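One structure is given below, encoded as structure tokens.
We did not get these values from a lab; they are worked out from the coordinates using the rules stated. No experiment lies behind these values; they were computed from the predicted model shown. We place every Cβ from the backbone using ideal geometry, glycine too, and count neighbours over all the protein chains shown.
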Amino acid sequence: MASLLRAQFDPVRTARPFLEQLGERWQETAALCIFNPANLTASIVDTVLTPHPLRFAVEIGMELALPWGSLGQAMLAHLAPEDIDAVLRAAKTGPISGRPLAPRAEVLADLQRIRERGYAEYFDPKYDVAGVAAPLFGRSGALLGCVGITMPTQRFGLHDRDAMIAAVRDCARELSGLLALQT
């Protein structure tokens, strides 16, 4: 049964050309994440690594906590309110920073902005991590995951931020269209 489902829905194979295009254009790490509704987390299922020796570790199989980073927040913003509440109640400290979650009202306002803009952005010079991510949707608008670019903060300012955001959003929109046909 699982192999039949995988044959019909293979997001990694479908997304690979998009990741390669983002990686080649920006020379930064591009990642595909799949949302896991059973435990309200996500996993990185494919990456195209930057050619730069200095990079943020984004490994296939890595589980993401949704409240932190552009990849997680791009998905968290599109969950049902009760699922957002469950994720925020369970959130303790950031996996990289060790900092506590911002006040609830601030997090909810940030998630609203992410929904309105269609992307999440993260920039933390203290831990030298930056990224841009956009959600992926399947048929009927169901959240499937996200696609994004991550890099050290020192290189983020070297890129055309608006063009990078547009590229990630366009990628997510096109990929969502293809994935909706498979789900």
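Brief remarks follow.
- Length-normalised contact order for the chain - Cα pairs under 8 Å, 6+ apart - percent: 24
- Sparsely packed trypsin sites (Lys or Arg not before Pro) within segment 10-106, loop by DSSP, other Cβ within 10 Å at most 11: 92
- In order along segment 74-87, phi translates into HN-Hα couplings of 4, 7, 3, 4, 10, 8, 5, x, 5, 6, 4, 4, 5, 5 Hz, rounded to whole numbers, per the Karplus curve 6.51 cos²θ - 1.76 cosθ + 1.60 with θ = phi - 60° and x for Gly and Pro.
- Segment 21-26 - phi-based ³J(HN,Hα) in whole Hz, Karplus 6.51/-1.76/1.60, Gly and Pro as x: 5, 4, x, 5, 5, 9
- Taking 73, 27, 154 as the candidate residues, the one with maximal mean-square fluctuation in a Gaussian network model of the chain, Cα springs under 10 Å, is 154.
- Residue with peak Gaussian network fluctuation, the chain [Cα springs, cutoff 10 Å], from 91, 42, 130: 91
- Segment 10-72: GluC sites (Glu not before Pro) in DSSP loop, at most 13 other beta carbons within 10 Å: 59
- Modelled spin labels at residue 45 and residue 154, positioned 7 Å past Cα toward Cβ, are 3.5 nm from each other.
- Of all beta bridges that DSSP places with both ends in segment 2-182, some 100 percent have antiparallel geometry.
- The length gained by stretching the chain between residue 174 and residue 117 to full extension, at 0.36 nm per residue less their Cα-Cα distance, is 18.9 nm.
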